[in-house]
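J.: Encoded as structure tokens, here's the structure I'll be asking about.
Only the coordinates and a few stated rules stand behind these numbers; no lab work does. In this text the structure is predicted, and so the values were computed from the model without any measurement. Here Cβ is always computed from backbone atoms with ideal geometry, including for glycine, and neighbour counts include all displayed protein chains.
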């Protein structure tokens with residue numbers, strides 16, 4: 001990993017552009033304007049032009065972007081053009097669901113390994129991937145050139161597991177455990193914490209006291 | 001719902017502060033400094049002071065914040081003090097996992113109803129909640145004063161389902177379906193798209209061509 005040159009929020013939008021561009025190319029449409037991209041993604045045309053300018057604008061003024069070309073360019077920027085291997089750690093309910101969802105759908109980020117601490121789960125097959133014991137984690141990561149770790153272990157095990165992932169060579173972690181990971185440099189961590197998502201959503205409902213107009 | 005006065009990024013940090021403050025209060029520690037909050041959350045003390053200032057600073061300079069008081073205040077701002085009801089739509093693998101995870105853990109945002117289109121799932125019980133048919137959705141939302149909807153339906157059904165949620169009175173939606181929802185004003189939508197999360201993570205690995213130092 002190196003210092004990202006593109007802001008994190010823009011990186012999050014790239015896969016959304018990619019999805020629309022791939023649909024466009026699949027429909028045999030060659031050129032897409034920033035206005036059409038805006039219509040399909042919900043972002044403003046200004047935002048889109050700014051994002052795409054981070055890696056050199058390919059659009060022709062008054063015409064638009066070459067959908068296939070831009071899609072290939074975004075794939076390369078994201079590192080999806082030759083695929084990235086991922087390991088899922090924790091084959092509980094959430095892990096199981098993620099594996100089923102992801103393995104059937106993703107060809108560019110591939111869950112090639114699943115690891116669990118529970119001996120009862122080891123050896124079972126999820127979507128064609130055999131669950132390996134936790135003690136094999138570092139070895140699995142090294143053997144299969146895995147760059148992404150998906151953590152769905154209990155909070156108490158998250159830190160230790162993340163350290164093993166880093167030790168093996170993982171460079172980015174998607175962390176579903178409600179725990180703050182502390183890792184050395186070289187690993188990018190993205191947290192998805194369902195408690196936080198649900199609690200912050202409550203702010204946007206009438207349950208929030210901020211929604212009361214009587215407050216000064 | 002009304003226009004949020006506090007930036008979305010700050011709202012996302014409030015539940016993280018809340019978690020640390022509740023742990024602090026539970027450990028019978030009365031006062032916490034912004035430096036300690038920073039140490040436990042990973043945010044900078046400046047960021048924390050700025051966030052907390054949005055709703056009036058309670059900290060005493062050189063001393064810190066009253067943990068119990070601040071925790072109650074954040075609960076009220078988020079609307080968690082009297083609880084918020086949520087419905088889960090889609091009891092597939094992901095929905096099932098979310099229900100199990102959430103019902104056992106969350107007392108402030110409560111999944112009080114689960115709905116599914118599949119007659120084979122209707123009537124089954126998940127963590128004490130009986131699955132109702134999709135045709136009951138609007139009625140369920142109205143009857144149980146539900147303000148939050150969690151969408152784990154297939155992409156093709158997401159828009160129609162979201163419209164029914166809004167019709168029933170839902171004010172915020174956590175959308176796991178890989179589909180862009182288009183709703184009228186009055187509903188806040190937070191998307192969690194696993195494809196996008198995984199694809200954007202790839203950028204932070206050495207698979208990304210941006211990581212190649214040979215590029216000018």
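J.: May I ask for the angle, rounded to the nearest 10°, between helix B:155-168 and the longest principal axis of chain B, with both axes built from Cα atoms and the value confined to 0 to 90°?
T.: 80
J.: Taking Cα centroids, how far is segment B:120-197 from segment A:88-130 in Å?
T.: 26
J.: Take peptide A:162-173, look around each residue's Cβ out to 10 angstrom, count Cβ atoms belonging to other protein chains, and average those counts.
T.: What the average comes to for A:162-173 is 2.
J.: List the residue from chain A whose beta-carbon is nearest to the axis that rotates chain A onto chain B, together with that distance in whole Å.
T.: Looking at chain A's Cβ atoms against the axis toward B, the nearest is A:97, 2.
J.: Sticking with this one: With a Förster radius of 56 Å, plug the Cβ-Cβ distance of residue A:35 and residue A:156 into 1/(1 + (r/R0)^6) and report the FRET value to the nearest 0.05.
T.: Using R0 = 56 Å, I get an efficiency of 0.65.
J.: How do A:6, A:196 rank when sorted from fewest to most other Cβ atoms within 10 Å of their own Cβ? Working shown, then result.
T.: Numbers: A:6 15, A:196 19.
Least crowded to most crowded, the residues run A:6, A:196.
J.: While we're looking at this one, here's another question. How would B:192, B:146, A:77 line up from fewest to most surrounding beta-carbon atoms within 10 angstrom?
T.: Starting with the residue having the fewest Cβ neighbours, the order is B:192, A:77, B:146.
J.: Sum -39500 (n - 2.57) across every DSSP H segment of at least 4 residues in the protein assembly as shown, then divide by the residue count to get the 222 nm mean residue ellipticity, nearest 500.
T.: -13000 deg cm²/dmol
J.: Hey, for residue B:92 with labels 7 Å out along Cα-Cβ, what do the inter-copy distances come to in nm, ordered shortest first?
T.: 2.3
J.: Compute the label-point distances linking residue B:167 to its equivalents in the other copies; points lie 7 Å from Cα along Cα→Cβ; give nm, one decimal, shortest first.
T.: Distances to the matching label points in the other copies: 5.6 nm.
J.: What would the Debye equation give as log₁₀ I(q)/I(0) for the protein assembly as shown at q = 0.06 Å⁻¹, counting only Cα atoms as equal point scatterers?
T.: Taken in order of the listed q values, log10 I(q)/I(0) reads -0.27.
J.: A further question follows. Within 10 Å of each Cβ in peptide B:89-98, how many partner chain Cβ atoms are there on average? Round it to a whole number, please.
T.: Other-chain Cβ atoms within 10 Å of each residue's Cβ, averaged: 4.
J.: Once the label point is placed 7 Å from Cα along Cβ, list for residue B:27 the distances to the corresponding points in the other copies, in nm, shortest first.
T.: Result for residue B:27, in nm, nearest copy first: 5.5.
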